1. Accessible surface of Arg56 in the full protein assembly, 1.4 angstrom probe, to the nearest 10 Å²?
2. Using a 1.4 angstrom probe on the protein heavy atoms only, could you order Tyr81, Tyr95, Tyr42 from most to least accessible area?
3. Give me a comma-separated list of calculated 3J(HN,Hα) values for the stretch 84-97, in order, Karplus coefficients 6.51, -1.76, 1.60 applied at θ = phi - 60°, integers in Hz, x for any Gly or Pro.
4. What list of ³J(HN,Hα) values in whole Hz, one per residue of the stretch 35-40 in order, does the Karplus curve 6.51 cos²θ - 1.76 cosθ + 1.60 (θ = phi - 60°) give from phi, with Gly and Pro shown as x?
5. Provide the convex hull volume over Cα atoms per residue for the stretch 50-89, in Å³.
6. Given a 1.4 Å probe and the protein chains all in place, what does the accessible area of Val34 round to, in Å² to the nearest 10?
7. Which shape class applies to the stretch 21-104: rounded if a/c is under 1.5, otherwise prolate when a/b exceeds b/c and oblate if not, where a ≥ b ≥ c are the square roots of the Cα gyration tensor eigenvalues?
8. Rank these residues by their accessible area, most exposed first, probe 1.4 Å: Leu62, Leu91.
Amino acid sequence: MHRFITPLLLPLLMLVPGLAGSEDRAGDPQAGQVRFMRVGCYECHGTVGQGGAGMRLVPLPLPWIGFQIYVRRPGGQMPAYSDKVLGDADLADIYAYLKSIPEGPRAKDIALIEDAADK
Ligand code: HEC
């Protein structure tokens, strides 16, 4: 029984993200900030991920694995970044950087904007 089940199970287990070693990777936020600027993410997503031509990335709803898959093969306007131009370790740093950015206040919580909206 064992001999039969093991070869069958192993490839399946490799598909489980945590077991394949691709759970939320510990990246370095400071190195990630430098990388975010250098490879040009900031051009579309803003220097602190606030958005621009590309969408807002803070707060980032995606888990590491989803983030990685998206950047490698984006679905829409965004250019793809292969692991040749941006390795997994560098991408993990970018992920850590985006996760480290505090979320700004909502527009409704900024008195000046609320006052202007009342007029
Ligand atoms: C040329 C503009 C451009 C550049 C450069 C760019 N992006 Fe994007 N990105 C977009 C756009 C536009 C979207 C919205 C979806 C789409 O069209 O692909 C997006 C979507 C995303 C998303 C999906 C967010 C979500 O919640 O679904 C992530 C993550 C992301 N970008 C990360 C990055 C990272 C990291 C870099 C740098 C390695 C980068 N982007 C560089 C334009 C860009």
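1. That residue has around 120 Å² of solvent-accessible surface.
2. Tyr42, Tyr81, Tyr95
3. 7, 8, 8, x, 4, 5, 5, 5, 5, 5, 4, 4, 5, 4
4. Using θ = phi - 60°, the values come out as 5, 4, 6, 5, 8, x Hz.
5. 85
6. 70
7. Here the stretch 21-104 falls in the rounded category.
8. Leu62, Leu91
The values are calculated or read from the model by the stated rules, or taken from the named source; none is laboratory data. As the structure is a prediction and not an experimental result, all values here were calculated from the model. So basically every Cβ, Gly included, is an ideal-geometry build from the backbone, and we count neighbours across all protein chains shown. Just the protein is used for accessible areas: all its heavy atoms, side chains included, with ligands, DNA and RNA removed. Shrake-Rupley method; radii C 1.70, N 1.55, O 1.52, S 1.80 Å.
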